[in-house]
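Questions regarding the structure given below will be posed in turn.
The values are calculated or read from the model by the stated rules, or taken from the named source; none is laboratory data. Given the structure is predicted, the values throughout are model-derived calculations rather than measurements. Cβ sites come from the backbone with ideal geometry, for glycine too, and all protein chains shown count toward neighbours. The accessibility values were calculated without ligands, DNA or RNA, using every heavy atom of the protein model including side chains. Shrake-Rupley method; radii C 1.70, N 1.55, O 1.52, S 1.80 Å.
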Amino acid sequence: MMRAIKSATLVACFYLSAVAFAADWPCWHGPDRNNIAPDTGINKEWNARPPQELWRVSLSDDGYAGPSVAEGKVFIIDHQGDQDIVRALDLETGEDVWGSSYQDLGKANYGFSRAMPVFSEGRLYTISYLGKVHCLDAESGAKVWMRDMRSEFGGKRPEWGYAMSALVDGDKVIVCPGGDNASVAALNRDTGETIWAGGGSDLPGYATPVKATINGQDQYVVFTGVSLIGVSVDGGPALWRVPWVNKYKVNAATPVVAGNHIFITSDYGRGCAVVVVEPQGAAIKWENTQVRAHFSSPVYYHGCMFCNSNPGYLVCLNAATGGVIWKQQGFDKGGLIAVDGVIIALDGKRGDVVMVNATADGYQELGRFKPLGGQSWTAPIIADGKLIVRNKNAMVCLDLM
């Protein structure tokens, strides 16, 4: 009997170690801010056994704000009339736990808020289309503080509204007002008070800032509307700057930082590049038009850069040279995420969710299904073994195990 119990215990432990490693998705690009979910042992037999739907909820914002997950709740910014509604849903059931509203854009412009709510130490940080930064209590939705980037920093709102998510770094909340000597600003996490503003006066881009250590210096890498810059975590002028401009000043895909190399991409004819930052400054190492991401962020995984690129490609790129390893049609403006050796990518036009082997050995599709359908431009997330995707009208939670 004791041998049987020990054997059963070993089997159970092996099973749990194989499938149970998972994490919340509290901020933009997940727990490690690299767009890679740590979940393992996921179901990869989608054609025979598509992911089971756990719940779905209707959304009224007709847009693209992405969800985050922390402490058993899904957070998302919805909209009704002229009110943003920050919603907290139960991760297991999809039922509303609380809602918190504030006045913002009254008429849709490709929906309303685009930002993902960011969770940190019991607080939730949101950015609205018009540039209002809110700190809410994540347990109740009660407002803790609010700042207005336009009125308080002289921010220049980009044509399609503020879209980046906040970056919480220790006691600082990093935002991008785009005001006079306020391309970047650090707010106190607890009070909202300004710690510093700096980085120059660039128009904001649409991408979320990235924290990185480059050449031994901690800094924020920011894709503004007209350039890629690095700003010290202590503020001040830009440490370095590389101009990057396209017709509509839409730099929306989050930069990917690896050491002192930074991959960037945007559309409107611009393309992609790797920027190398040296102590004496920064410069473009290579540049081409093989990848032109409208807004979907790439992921660096298993030695390859996986990217969405207009007009409707999923691309596996050699980040060292800029050469295309493979590309596949049918992924119009869809987001992507890496997990457990695969890429999960969306067809932003039709709503297909596709699992692809994360390999340089050609395009290898492992399965696909259509949980919602229709225009699905919002990047998927994975939290605690669950895949969450949305289109313009609904959000669905699916079991990945």
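Beyond 28 Å, how much of the Cα-Cα pair distribution for the chain remains, as a whole percent?
For the chain, the share of Cα pairs beyond 28 Å comes to 44 percent.
Using a 1.4 Å probe, what is the accessible area per residue for the chain, in Å²?
The answer is 38 Å² per residue.
May I ask for the net charge around Lys249, where only other residues with Cβ less than 10 Å from the Cβ of Lys249 are counted and Lys, Arg are +1 while Asp, Glu are -1?
Result for the neighbourhood of Lys249: -1.
In addition: Students sometimes get this wrong: rank Ser60, Ser120 by accessible area, probe 1.4 Å, all chains present, largest first.
These residues rank, largest area first, as Ser60, Ser120.
Related question: Once the piece of chain linking His302 and Ala283 is laid out straight, how much longer is it, given 0.36 nm per residue of separation minus the C-alpha distance between them?
Between His302 and Ala283, full extension yields an extra 4.3 nm.
Shape of region 315-381 from its Cα gyration tensor (a ≥ b ≥ c, root eigenvalues): rounded if a/c is under 1.5, otherwise prolate when a/b > b/c, or oblate?
Note, shape of region 315-381 comes out prolate.
Would you kindly state how much longer the chain becomes between Ala258 and Thr194 on full extension, computed as 0.36 nm times their sequence separation minus their alpha carbon distance, in nm to one decimal?
20.1 nm
Now, a different point. Less than 25 Å apart at the alpha-carbon level, and either on another chain or at least 8 residues along: which lysines does that give for Lys172?
Excluding near neighbours in sequence, the set is Lys73, Lys132, Lys143, Lys156, Lys211.
Kindly rank 194-200, 342-348, 208-214, 95-101 from highest to lowest mean number of other beta carbons found within 10 Å of each residue. If you can, show how the numbers build up before the last one.
Working: 194-200: 18.9, 342-348: 25.0, 208-214: 20.7, 95-101: 14.9.
Highest to lowest by the protection proxy: 342-348, 208-214, 194-200, 95-101.
Also, I was wondering about something else. Once the piece of chain linking Val276 and Val245 is laid out straight, how much longer is it, given 0.36 nm per residue of separation minus the C-alpha distance between them?
Extending this stretch completely gives an extra 9.4 nm.
Further question on the same structure: Within region 238-299, report the trypsin sites (Lys or Arg not before Pro) that DSSP leaves as loop and that have at most 10 other Cβ atoms within 10 Å.
Of the trypsin sites (Lys or Arg not before Pro), the ones in loops of region 238-299 whose Cβ has at most 10 other Cβ atoms within 10 Å are Lys247.
Once ligands and nucleic acids are excluded and a 1.4 Å probe is used, how much of Leu372 is accessible, expressed in Å² to the nearest 10?
For Leu372, the solvent-accessible surface is approximately 40 Å².
Further question on the same structure: If the label point is 7 Å along Cα→Cβ of Asp234, which residues in region 172-202 have backbone nitrogen under 17 Å from it?
The answer is 172, 186, 195-199.
Which of rounded, prolate, oblate describes region 64-206, given a ≥ b ≥ c as roots of the alpha-carbon gyration tensor eigenvalues and a/c under 1.5 marking rounded, otherwise prolate only if a/b is larger than b/c?
Note, shape of region 64-206 comes out oblate.
Would you tally the net charge around Gly312, using a Cβ to Cβ cut-off of less than 13 Å, leaving Gly312 out, and scoring K and R as +1, D and E as -1? Numbers along the way, then the final one.
Values: positive: Arg292, Lys327, Lys333, Lys349, Arg350; negative: Asp267, Asp332, Asp347, Asp352.
Every neighbour counted, the sum reads +1.
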